[in-house]
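Structure below; questions to follow.
The values are calculated or read from the model by the stated rules, or taken from the named source; none is laboratory data. In this text, all values refer to a predicted model and were calculated from it rather than measured experimentally. Here the Cβ is made from the backbone with ideal geometry for all residues, glycine too, and neighbour counts use every protein chain on show. To get the accessible areas, we keep the full protein, side chains included, count just its heavy atoms, and leave off ligands, DNA and RNA. Shrake-Rupley method; radii C 1.70, N 1.55, O 1.52, S 1.80 Å.
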Amino acid sequence: MFATMRDRIELRQQGRTPQERDRTITDKMLRFLARPKDGKPFFGFLFYDAPHAADHPAGAVPFQPAAAEVNYLTLNNETDPVPLLNKYRNSLRYVDALVGEVLAALRKEGHLDDTVVMITGDHGQEFNDLKMNYWGHNGNFSRYQVQTPLVVSWPGRTGVPVSRATSHLDVVPTLMHELLGCTNAPSQYSTGRYLFDSAPRPYLMASSWDTMSIIESDRTTVSLSAGEVDIMDERYRPLSGAVIRPKIVQSAMEEAGRFFAR
């Protein structure tokens, strides 16, 4: 999505570790917000990477006991998840503080009243929650790895908790329609819908590098790279007696391929 903006997007940051690079992008955003005002709208995209590696500054370890490092090759069903979870929580606390600095700068410069702020993650992080020896991410499509937080501050809208299913794919059509003046139906340029659309949706799609899933309220259908299909229950065990729902699968396949070049 940023292919035509390479001269304005920084893909590499200074720093030896993820937490150092996260500090760098925060400082750059703070300097940007403190620049002389020109009255023009602006867009900022900050990708924090410290939680991905459970990284944080030395000494910033309020959650204990915390592991010193993570070696996924040594983990098994008998591994105590608490030290690993606390290391992850310490990295989240560090990034929370950096985000807090950006929000404070927005408030100081008078931008919180006219700026939409979205905070989310790109995936969840599992700590053997299923008791199936799954750790980290990119291992399955259970809620522990697929579910992420999404916090939105939108001037003029009252904040409310939302429990219905949404998707990262909904962010673009929401911004296009609500902020950027696009009047086209979302289906013309996206597989998402408006975040404020509360109409029931039959399924969500999630994918990894080579595997796709269809997530419904009562099952998750996983299409594996070799062509096999698994139908899993809410505990990510094979759903006894389950059969493929042809209309759902056909709809998802058509949606997944709708924007591929022919």
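What is the extension gain from residue 107 to residue 187, computed as 0.36 nm multiplied by their sequence separation minus the C-alpha to C-alpha distance, in nm to one decimal?
Length difference between fully extended and current span is 25.3 nm.
Quick one: plug the Kirkwood hydrodynamic radius of region 4-100 (C-alpha pairs) into Stokes-Einstein at 10 °C, 1.306 mPa s, and report D in µm²/s.
103 µm²/s
Now, a different point. Have a look at 102, 246, 179 and report the one farthest towards the positive end of the charge dipole of the chain, computed about the Cα centre with Cβ charges (Lys/Arg +1, Asp/Glu -1).
Farthest towards the positive end: 179.
If you average 1/r across every pair of different Cα atoms in region 89-156 and take the reciprocal, what Kirkwood value do you get, in Å?
Values: mean 1/r = 0.0711 Å⁻¹.
Result for region 89-156, one decimal place: 14.1 Å.
Could you tell me what percent of the accessible area of the chain is made up of carbon and sulfur, with a 1.4 Å probe and every protein chain present?
On the way: 9480 of 17210 Å².
Ligands and nucleic acids excluded, carbon and sulfur give 55 percent.
How many times 2.2 N^0.38 Å is the alpha carbon radius of gyration of region 86-235?
That ratio works out to 1.21.
To continue, here is another question. In region 43-153, how does Rg compare with the Kirkwood Rh, expressed as the Rg/Rh ratio over alpha carbon atoms?
Numbers: Rg = 16.1 Å, Rh = 15.6 Å.
The Rg/Rh ratio comes out at 1.04.
Shifting gears a bit: Would you work out the charge dipole size for region 1-130 about its Cα centre, treating the Cβ of every Lys and Arg as +1 and the Cβ of every Asp and Glu as -1, and quote it to the nearest 20 debye?
680 debye
Can you give the calculated 222 nm mean residue ellipticity of the chain, where each DSSP H run of n ≥ 4 adds -39,500 (n - 2.57) and the sum is split over every residue, rounded to the nearest 500 deg cm²/dmol?
Counting only the DSSP helices, I get -8000 deg cm²/dmol.
To the nearest 20 debye, what is the magnitude of the charge dipole of the chain about its Cα centre, counting +1 on the Cβ of each Lys and Arg and -1 on the Cβ of each Asp and Glu?
Computed about the Cα centre, the dipole is about 560 debye.
Ignoring ligands, DNA and RNA, what accessible area per residue does region 81-177 give at 1.4 Å, in Å²?
Per-residue accessible area for region 81-177 comes out at 55 Å².
Considering only C-alpha atoms, what is the centroid distance from region 167-225 to region 54-71, in Å?
Between the Cα centres of region 167-225 and region 54-71 lies a distance of 35 Å.
With a Cα-only, solvent-free Debye model of region 59-109, what are the log10 I(q)/I(0) values at q = 0.19, 0.29, 0.31 Å⁻¹?
Per q value, in the given order, log10 I(q)/I(0) is -0.67, -1.04, -1.11.
Bin width 10 Å, alpha-carbon pairs only: give the P(r) of region 146-207 as whole percents, running from 0 to the bin holding the largest distance.
Bins of 10 Å from zero give 18, 54, 26, 1 percent of pairs.
Which distance in nm do the two modelled labels at residue 73 and residue 45 give, with both placed 7 Å along the Cα-to-Cβ direction?
3.5 nm
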